[in-house]
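Please read the structure below before turning to the comments.
The values are calculated or read from the model by the stated rules, or taken from the named source; none is laboratory data. Everything quoted here is computed from the prediction, not taken from an experiment. Glycine also receives a Cβ, built like all others from the backbone with ideal geometry; neighbour counts cover every protein chain displayed.
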């Protein structure tokens, strides 16, 4: 992280959450600052970002981490990580949206394996939510630090291919209940957009399956859908008449 260059500093804090709260002029890989996390002191979640993703998108995640080894037993984990994640992820959302995400995060298993007790429980993480903000554990993942991060900055790298429209929340965290400083620096997220701009799935007679269909952000709506026919979805008197133009007649996919 940078502290001297005001432009770079503003850009970092504009793109990622939690940077201003956790950045310190301490151990750093590049620049003169890093994100210092110590869960015992209330700093569990570090730099984070939320991305809108579409099927076919590829997301690459990279960060470097180091910790100050105190020779402690790090098998304990803080109890309020879900609250910390909720507060971090829901900044700017209305209360109802916060409640939905909070309920989802409360059911997220913190860890899916038993870590070694000699290494802090610190990770690069990503969580996938579909477009209805339902958390999907099977499409989420994490990368833990290892003992090599005690002596030098260790690279943590993850990559995922998006299969469904939704949101990806990427963050770094230190969940160890024991007091230990973990430093994260040079978090880099690469979002490679899909060449597929839209996909539409249908029921037997042409009604769209909403949960399996979607469009990439910024894509102009495709009107030629079922059987290649143009969808006429103009509104008359506030009522939408979504019908396909078959030339000699109009076809209503709901009229079955």
Fill in the blank from the handout: All-but-one check, residue 13 against (1) modelled with pLDDT of 85 or more; (2) touching a helix residue (DSSP H, G or I) at 6+ places or on another chain (Cβ under 6 Å); (3) surrounded by fewer than 21 Cβ atoms within 10 Å (Cβ to Cβ), failing number (1)
Exercise for the section: Given the conditions (1) surrounded by 12 or more Cβ atoms within 10 Å (Cβ to Cβ); (2) over 13 Å from the mean Cα position of the chain (by Cα); (3) modelled with pLDDT of 75 or more, report the number of the one that residue 158 does not fulfil. Expected result: (2)
Practice task
Identify, by number, the condition in (1) at pLDDT 85 or above; (2) on the phi > 0 side of the Ramachandran plot that residue 45 doesn't meet.
Solution key: (2)
Completion exercise
By residue number, the members of region 52-72 that are over 21 Å from residue 21 (Cβ atoms), surrounded by fewer than 21 Cβ atoms within 10 Å (Cβ to Cβ) and modelled with pLDDT of 85 or more are 52, 55, 56, 58, 59, 60, 62
Exercise for the section: List every residue pair whose Cβ atoms sit under 9 Å apart, with the two residues 6 or more apart in sequence or on different chains, where the first one lies in region 48-63 and is at positive phi and the second, anywhere, is part of a strand (DSSP E or B) and at pLDDT below 90. Expected result: 56/199
Handout entry: Inter-residue pairs, beta-carbon under 8 Å, first part of a helix (DSSP H, G or I) and in region 1-24, second buried (at least 18 other Cβ atoms within 10 Å of the Cβ) and at pLDDT below 80, 6+ apart
Key = 9/1; 12/1; 19/1; 19/12
